[in-house]
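One structure below.
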Amino acid sequence: MSSARDHAMVTGMPFFDAHCDTISKLYAGEGDIAADSVGAGLHVTLPGLRRAGVRAQVFALWAWEGAYGADTTEVALALADELHRVCAVHAEDLSLVLTARDLERVSAQAGRVAVIAGLEGADALLGRPEEIETFFARGVRLLTLAWGDNPFCGSVFQGGGGLTATGRELVEACESLGVVVDASHASDEAFSDLCRSATKPFIASHSNCRSICPNERNLTDQMIRSLADRGGVMGINLGSSFLSAVSCARTRRFRDEFFHRVGSGHSGFVDAQRASASAQALLPRPPLALVVDHVKHAIDVGGEDCVGLGGDLDGVKSLPEGLDGVGDYPRIAQLLLDGGLNPRQVEKVCFKNFARVFVDLLP
């Protein structure tokens, strides 16, 4: 049983979240990051970040060629500009960090959030590994190799090919610059290739345990072990279809229909996305306690240093019961404590594991 002292410790728990899609929503004019969660239209807001005690947050710059076509690079750069703008407007709360020293300094301050820019999908690089330098100069410090298939890497939901020769060059370029390599969305074959190619730790920013929930985006036990052996960390995704096998089965049809509608040209990306979101919103939400199951399984398989949080907030269409946004993150810490983790392990999951790997890898 957890003690009163343990509960007090959880109240002041810092959080490091490795993935949210909030910038895409802000760029599209959806929601107000300064408003509270009620009526804000966002999972991630400044009041929510403050309430939870989030000290570091990766903001994804999502730019998929399947959605933006020839404008993909332009959109990715515009998203980087939007993140810079948001940090400048809300400088009292948010600070874009570029170095390991920046991350350590900002995340040590209560009430401040160290913002890390992550490029989600390498489509914007146009098949040229050296183009990562352009995004590095704009502040990007994490690269999710694939969202859909691209010239560097196959993805889970499309062709499923491995890491290409140029993909291996891209990984090398990232490691040289100090850009964290992220395997979420990459195919199983590409994950295996990355294990052979990478010379530094890499992460899976928002992927869960496939043995608990058979979503293809989740990691097998072998993948978890391989990630842990290399000093990497997986971030627990809070989307219902990543946590619950039942939710995964119920949403699979909507996901497949989304890719069919976009791929066939039957409807535009925005219309297909709205149709999928509307359908998923009608489904029952699974219990938040499933987060504990995924965390404990990851620890059993890979050890207590290999798992953190990567909520995928503002990217997923459904969250579990009891979690409506980032402001509810302390409930996760409490559930982990009540579920049998000790305070040291809870702090590792909530903050220290991702903080360690980013400090080790950033320039």
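How would the range 115-208 be classified by its alpha-carbon gyration tensor: rounded, prolate or oblate, with rounded meaning a/c under 1.5 and the a/b versus b/c comparison settling the rest?
rounded
I want the antiparallel fraction of DSSP beta bridges within the chain, as a percent rounded to 5.
Percentage antiparallel, nearest 5: 5.
Decide, for the range 27-109, between rounded, prolate and oblate: order the square roots of the alpha carbon gyration tensor eigenvalues as a ≥ b ≥ c, take rounded if a/c falls under 1.5, and otherwise choose prolate if a/b is larger than b/c, else oblate.
Taking the square roots of the gyration eigenvalues as a ≥ b ≥ c, the range 27-109 is oblate.
Using unit Cβ charges (K, R positive; D, E negative) and no other charged atoms, how large, in debye to the nearest 20, is the dipole of the chain about its Cα centre?
Dipole about the Cα centre, nearest 20: 800 debye.
Within the set of other residues whose C-beta is less than 13 Å from the C-beta of Ala114, count the net charge using Lys and Arg as +1 and Asp and Glu as -1.
+1
Might you report the magnitude of the Cβ-based charge dipole of the range 1-135 about its Cα centre, with Lys and Arg at +1 and Asp and Glu at -1, to the nearest 20 debye?
It works out to roughly 780 debye.
Which whole-Hz couplings ³J(HN,Hα) result when phi for each residue of the range 76-90 is put into the Karplus expression 6.51 cos²θ - 1.76 cosθ + 1.60, θ = phi - 60°, listed in order with x for Gly and Pro?
Computed from phi, the couplings for the range 76-90 are 4, 5, 5, 5, 4, 4, 4, 5, 4, 4, 4, 5, 5, 5, 10 Hz.
Would you pull out the residues with amide H under 5 Å of Met234's amide H, same chain only if 5 or more places away, H placed 1.01 Å from N?
Ala204, Val307, Gly308
Residue farthest toward the positive end of the dipole of the chain, with Cβ of Lys/Arg at +1 and Asp/Glu at -1: which of Leu77, Pro214, Gly339?
Of the options given, the answer is Gly339.
Using a ≥ b ≥ c from the Cα gyration tensor of the chain (square roots of the eigenvalues), is it rounded, prolate or oblate, where a/c under 1.5 gives rounded and otherwise the larger of a/b and b/c decides, a/b for prolate?
It is rounded, given that a/c, with a ≥ b ≥ c, falls under 1.5.
Can you list the HN-Hα couplings for the range 126-136, worked out from phi with the Karplus curve (6.51, -1.76, 1.60; θ = phi - 60°), rounded to whole Hz and with x for Gly and Pro?
Once θ is set to phi - 60°, the couplings for the range 126-136 become 6, x, 10, x, 5, 5, 4, 5, 4, 6, 4 Hz.
Using a Gaussian network model of the chain whose springs link C-alpha atoms within less than 10 Å, name the residue from Phe202, Phe16, Phe254 with the highest mean-square fluctuation.
Sorting by GNM fluctuation, first place goes to Phe254.
Taking Cα pairs under 8 Å and at least six residues apart, what relative contact order does the range 290-363 come out at, in percent?
Value for the range 290-363: 39 percent.
Taking the Cα centroid of the range 291-333 and of the range 96-166, what is the distance between the two, rounded to the nearest whole Å?
The distance from the Cα centre of the range 291-333 to that of the range 96-166 comes to 21 Å.
Once you have the Cα-Cα distance between Ala249 and Asp300, take 0.36 nm times their residue separation minus that, and quote the gain in nm to one decimal.
Taking Ala249 through Asp300 to full extension adds about 15.8 nm, to one decimal.
Along Cα→Cβ, 7 Å out, is where each label goes; now give me the distance between the ones at Asn342 and Gln222 in nm to one decimal.
So the label points at Asn342 and Gln222 sit 3.3 nm apart.
If you take the charge dipole of the chain about its Cα centre, with +1 on Lys and Arg Cβ and -1 on Asp and Glu Cβ, which of Phe135, His297, Ile203 is farthest toward its positive end?
Checking the options against the dipole of the chain, the answer is His297.
Every read-out reported here was derived from the displayed coordinates using simple, explicitly stated rules and does not represent laboratory data. All values derive from a computational prediction rather than experimental measurement. We place every Cβ from the backbone using ideal geometry, glycine too, and count neighbours over all the protein chains shown.
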